[in-house]
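To start, the structure under review is shown below, and the notes come after it.
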Amino acid sequence: MNITLGLIHGLDFLLGYWLVGSIVFNFFILPGGGSTAAQIDRNRFQKLLLPTLITSTLWMLASAYNMTESWSPDDLWMAMSSTTFGHLWCLRIAVLALTLTASYKLKNINKARYAFILLTFILPLISILTSHQASQADHTALRIFLGLLHAVAVGIWTGGLWTLIAWLSRRLSFGETDPMISYRLVKRFSIFAMCSTAIIGISGFILAMLAGVSLSAPLSTTYGKFVIGKIILFCVVLGIASINQFIHLKRWKITAEKIFITGIHRESRRELFLIVIIFILAGFLTMTSV
C-alpha cells in the first residue's frame, strides 16, 4: 500500500501544481505574447480541474485507509472527520469542485480571474499544512512560509512548462501569424521560470536543512537520499532548460519560427519527463520520516 500511496500522492502533487502553473500562465504569461497568443488554446487550466479533483479524492481515501487499515465507510469517515488532514483535504476537494463548476458556467473566465489566482495559493497552502513542514515543533511558521513559497514556485515553473508545451504543439496549426508571437511568449515564460527555479533552489535547500539533512552525510537517512535524488534530477532539468535559454532563444530568427518552436518543444518535453519523476519522488518524500 505504501507504494500505491506514494504514486497517488505524487500524481496529486503533479496535477495540483500543474493546475497552479497553468492558471498563472493563462493570466500572466499568455497576454504578454500578444492578442493572437492569448487566443490560442486559452483556459487550458480548466482541463486540469477534474483530474486534480479525482486524484485529490483518491489521495484522501487512500490516506484514510492507511490510518484505519479498513475500507469501511464508517472508518474512512472517522479518519476524515476527526483529523486535521481530513478537514483540510475535504476543504481542498470542496474548493476544487466549486471551481470546476464555476469555470464551466462562466462565459468569461476573466471576470473571475482573481478567484482563480487565489486558488494558486489555496491549493499549495493546504498541501503544506498537511505536510512535514506544519507538523514539526520548531520553526513551524518559517517552514510553512518557505514551503508555500517553494510550492507556488514549483507550480509556476512546472505547470507553466506543461502549458507552454501544449501551446507550442498547436501554434503552427493556426496559420500564418506574426512570427514574433512564439518568441515573445517563450521569452516571457523564461523570466518566470528563472525566478521560480531560483526560489525553488533556495527554499528547498533551507527546508532540507530544517528537516535535518546533514551536509556532511546527506545519504545517512532515507529522507536525505530522496532529497539528493530530487536535487540531482533538478540540476539535470536546469541543464536541459539552459539549452532553451542560451541556445534556442539566442539563435532565434524571424524567418525560422518553425525551427525555433521545434527546438523549444523538444527540450521542454525532456524537462517535463524528468519533472514527472521528481514529482513521484516528492510523493514518497512526504511520507518519509525526517
Which residues make up the longest stretch of the chain clear of GluC sites (Glu not before Pro) that lie in a DSSP loop with no more than 10 other Cβ atoms within 10 Å, not counting the sites?
177-290
Hey, if you drop one equal point scatterer on each alpha-carbon of the range 213-290 and run the Debye formula without solvent, what base-10 log of I(q)/I(0) do you get at q = 0.15, 0.17, 0.20, 0.25 Å⁻¹?
-0.62, -0.71, -0.83, -1.06
Between the helical axis of 84-105 and the dominant principal axis of the chain, each derived from Cα atoms, what acute angle in degrees is found, rounded to the nearest 10?
30
Note: Leu215 to Leu91 extended length (0.36 nm per residue) minus current alpha-carbon separation gives 40.9 nm
From Cα pairs below 8 angstrom and at least 6 apart in sequence, can you work out the relative contact order of the chain, rounded to a whole percent?
28
Paramagnetic reach from Met194 (point 7 Å along Cα→Cβ, amide N under 20 Å) across the range 205-237
234-237
Rounding to the nearest 20 debye, state how big the charge dipole of the chain is about its Cα centre with +1 on each Lys and Arg Cβ and -1 on each Asp and Glu Cβ.
1220
The answer for the chain, accessible area per residue at 1.4 Å probe in Å², is 48
The range 214-271: trypsin sites (Lys or Arg not before Pro) falling in loop per DSSP and having at most 16 other Cβ within 10 Å:
Lys250, Arg251, Lys253
Put a dot 7 Å past each Cα toward the Cβ at Leu50 and Leu233; how far apart are the dots in nm?
2.8
So Leu274 and Trp77, fully extended at 0.36 nm per residue minus their Cα-Cα distance, gain in nm 67.3 nm
Which whole-number percent is the relative contact order of the range 74-161 (Cα, under 8 Å, 6+ apart)?
23
Rounded to the nearest percent, how much of the accessible area of the chain (1.4 Å probe, protein heavy atoms only) is carbon and sulfur?
67
For Lys187 paired with Ala115, estimate the spin-label separation in nm (one decimal), with each label point 7 Å from Cα along the Cα-to-Cβ line.
3.6
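The values are calculated or read from the model by the stated rules, or taken from the named source; none is laboratory data. Just so we're clear, the structure is a prediction, and the values are computed from it rather than from any experiment. Positions of Cβ are generated from backbone atoms using ideal geometry, with glycine treated the same way; all protein chains shown enter the neighbour counts. Ligands, DNA and RNA are excluded from the accessible area calculation, which covers all protein heavy atoms including side chains. Shrake-Rupley method; radii C 1.70, N 1.55, O 1.52, S 1.80 Å.
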